[in-house]
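Q: One structure follows; several queries about it will come next.
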Amino acid sequence: MFPSFFKKDKFTLIVTAGFLIWVVFLIILSFSASREIHFTDYLQGIDVTSSYTSTIPIGRYFLEPIIGLTFSIGVDLTWIFTFILFFPIARVSYAILRKGNKIKSKKFLVLSQIAKNYLLFALGILLLVIIGVVLYLLIGFLISGFIFLNNHWQTSAQVGLSVATGIILFKLGVIVYRYYRPKSQLAQSNPKKGKNNKILRGFKITGKELRLFLAVFLFIGLINVLLLTVPWPAHKIETTTPGPNEYLFDFHVHTTKSDGFLTPEERVDWYIQHGIHGAAFTDHENQRGYERAKTYIERRGLTFHAIRGQEYTYHALDIHLNYFGVADIIVPPGNAKPGDPSVIILNVSNMIAYVKSKGGFVIVNHYSSPPGSPYTYNELLSWGVDGFEIINNGREYSVAIRNFCIANNGTLACIAGSDTHTNQELNSFVKLTLNSTFNDPSNLTHIFQTLKLNNHECVWINLYPNPVNTPDTLVFDSFRTLTDYFTNLDIFQILSWIFWSIGGYVLVLFLYGRFKKADINRLKNIKVRRSLLKILE
């Protein structure tokens, strides 16, 4: 009886077979489950894994599949190439099956049309929001210059996408309501069908497929962006033998006040959850992230230390520098309108001189080696910089930079900055031990005096120290991080995946059962307006 049921219901058979294969894979994976995190001090060039621990909070285990996928493929958007490759294949396969009358379920055809119309409706909403945000930013750019884009694009984009999400979810609720309350449905006019012009038929089909491609792409992209704005539970970093006056700092991070995905308040909580004691808030061309973080810390009575900072971003010369401890907003030429009273426009050398005259400090960010860089190390040193990043966003930079800083010990500091924009797990930090006489983590002068001794640690956190060897192609690049993620899970993370998989399997079968019992006439009466897309028709 049981096998005959599966034989009659191919969908259930396929779903069940896929589910069992997936669960067996997870069970096999559990036998070798061992989460391993490596810590490397790039300043001294040594492995310091034994000096630190990385602990996953209990809350993450309840949401592991969502968090894991967000961190492994959502942050780097590795799903995009896979989507571009496989979506056309799926659509061509679907067209072949329909043409060959292999899809016999009328309910499925009706429901797929509803889903298609819904996605096209979502496309219309998203395009309107994108157009609105672009116009807003364009007007701001014309009035205030490039600095307006730096300061407002992330916040305006998140507000726009939140509005779009609300409208799209509301529309989904309306569709479900109309199915269960068909009499309450407002009268809608059916779209008029034009004459079937054979010459234009191919172009129309291509246009419809391109619109559907864009709709699905933006829909997935919307989900991806929303997942990146959630401050998910992340690992906590602790030293195995913490010493006196020892602090963990990050000297480079972004918030929604420039191009980060977390608000300043969320970023503070994010750091505290990671076990970090202080951070420099270095948004592009403004310091509002620091101001809000400081206010939040004081209001909540937190012991976290926020450092005033800003990233000076000179796109024309491809050089970025962080300056600390100076409240003035300094931008490079071309990033603001001349005469703007809210900013000071200075070139690189003059910016460094100005910051130093105000008692501040300057660090060169993620700098390339000559001849690709605009200035030599000695030029930057002569202008007064206080150091260079040797680690940025988990990436090690030129050994020549590290050696140059060490050769100028007492004058130049080696720095590690996460340069984090998203909600991903922290991948680098600085461990600093302050002098017992001046043990004040809010004293920026003492911090930099200590950093210039270069006896601290610039730590790179390798979240996937045992990568799986895969061919170096775009196809495998899309799956490499995901593969590394699955092979570095602990037993409780795998159990979370198993429980979520069981829940997903039960949900799919439940929805499939509801689908089989659905009234096809009610489904046919559901109309999804697409008037927003007339500009695309």
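Q: Hey, any hits in the stretch 241-255 for a residue that's surrounded by fewer than 24 Cβ atoms within 10 Å (Cβ to Cβ), within 20 Å of Thr422 (Cβ to Cβ), assigned by TED's automatic domain parsing to the domain that holds Lys356 and without any contact (Cβ under 8 Å) to a residue 60 or more places away in the chain?
A: No, that holds for no residue.
Q: I'd like to check something: does the stretch 335-355 contain any residue that is under 26 Å from the mean Cα position of the chain (by Cα) and within 21 Å of Leu451 (Cβ to Cβ)?
A: No, the conditions are met nowhere in the stretch 335-355.
Q: Right, next: When you scan the stretch 296-306, do you find a residue that is part of a helix (DSSP H, G or I), within 24 Å of the chain's Cα centre (by Cα) and at pLDDT 95 or above, even just one? Before you say what the answer is, go through the steps one by one.
A: Taking the stretch 296-306 first, the residues part of a helix (DSSP H, G or I) are 296-300.
In the following step, the residues that additionally are within 24 Å of the chain's Cα centre (by Cα) were identified as 296.
Next, only the ones that are at pLDDT 95 or above stay: 296.
Yes; the residues of the stretch 296-306 include at least one that is part of a helix (DSSP H, G or I), within 24 Å of the chain's Cα centre (by Cα) and at pLDDT 95 or above.
Q: Something else: Quick check: is even one residue across the stretch 381-388 aromatic (Phe, Trp, Tyr), assigned by TED's automatic domain parsing to the domain that holds Lys257, surrounded by 14 or more Cβ atoms within 10 Å (Cβ to Cβ) and at pLDDT below 95?
A: Checked against the condition, which is being aromatic (Phe, Trp, Tyr), assigned by TED's automatic domain parsing to the domain that holds Lys257, surrounded by 14 or more Cβ atoms within 10 Å (Cβ to Cβ) and at pLDDT below 95, the stretch 381-388 yields no hits at all.
Q: From Phe19, Phe62, grab the single residue that is farther than 30 Å from Leu248 by Cα and among the aromatic types (Phe, Trp, Tyr). Can you show your working first?
A: Values: Phe62 fails: farther than 30 Å from Leu248 by Cα.
Going through Phe19, Phe62 in turn, just one is farther than 30 Å from Leu248 by Cα and among the aromatic types (Phe, Trp, Tyr): Phe19.
Q: For the stretch 223-258, how many residues are farther than 20 Å from His284 by Cα, β-branched (Val, Ile, Thr) and not in a loop (DSSP other than H, G, I, E, B)?
A: 4
Q: Which residue pairs have Cβ atoms under 8 Å apart, sit 6 or more places apart or on different chains, and have a first residue in the stretch 269-280 that is under 16 Å from Glu246 (Cα atoms) and a second that is in a strand (DSSP E or B) and hydroxyl-bearing (Ser, Thr, Tyr)?
A: His277/Tyr247; Gly278/Tyr247
Q: Sticking with this one: Any residue at all in the stretch 62-70 that's at pLDDT below 95, outside any strand (DSSP E or B) and either exposed (fewer than 14 other Cβ atoms within 10 Å of the Cβ) or charged (D, E, K, R) (or both)?
A: Taking every residue of the stretch 62-70 in turn, none turns out to be at pLDDT below 95, outside any strand (DSSP E or B) and either exposed (fewer than 14 other Cβ atoms within 10 Å of the Cβ) or charged (D, E, K, R) (or both).
Q: Can you report the number of residues in the stretch 351-380 which are at pLDDT 95 or above, assigned to a loop (DSSP other than H, G, I, E, B) and under 25 Å from Val459 (Cα atoms)?
A: 2
Q: Next up: Let me confirm something: among Ser428, Ser496, Ser436, Ser442, which residue is over 25 Å from Trp232 (Cβ atoms) and under 32 Å from the mean Cα position of the chain (by Cα)?
A: On the way: Ser428 fails: over 25 Å from Trp232 (Cβ atoms); Ser496 fails: over 25 Å from Trp232 (Cβ atoms); Ser436 fails: under 32 Å from the mean Cα position of the chain (by Cα).
Just a single option satisfies the conditions, and that option is Ser442.
Q: I would also like to ask the following. Taking the stretch 323-349, which residues are modelled with pLDDT of 95 or more and out of contact with any strand residue (DSSP E or B) (no Cβ under 9 Å at 6 or more places or on another chain)?
A: Within the stretch 323-349, just Ser349 meets the criteria.
Q: Determine, yes or no, whether Thr437 is in a helix (DSSP H, G or I) and farther than 28 Å from Leu63 by Cβ. Walk me through it before giving the result.
A: Values: in a helix (DSSP H, G or I): yes; farther than 28 Å from Leu63 by Cβ: yes.
Taking the combined requirement at face value, the residue satisfies it.
Q: For the stretch 381-392, indicate whether the set of residues that are on the phi > 0 side of the Ramachandran plot, out of contact with any His (no Cβ under 7 Å at 6 or more places or on another chain) and assigned to a strand (DSSP E or B) is non-empty.
A: Yes, the stretch 381-392 contains a residue that is on the phi > 0 side of the Ramachandran plot, out of contact with any His (no Cβ under 7 Å at 6 or more places or on another chain) and assigned to a strand (DSSP E or B).
Q: Pairs please, first residue from the stretch 306-335 and in contact (Cβ under 8 Å) with a residue 40 or more places away in the chain, second anywhere and of a type in the set (Lys, Arg) and surrounded by 23 or more Cβ atoms within 10 Å (Cβ to Cβ), Cβ atoms under 7 Å, 6+ apart in sequence or on different chains.
A: none
The values are calculated or read from the model by the stated rules, or taken from the named source; none is laboratory data. Just so we're clear, the structure is a prediction, and the values are computed from it rather than from any experiment. Every residue, glycine among them, receives a Cβ derived from its backbone with ideal geometry; neighbour counts consider all protein chains shown.
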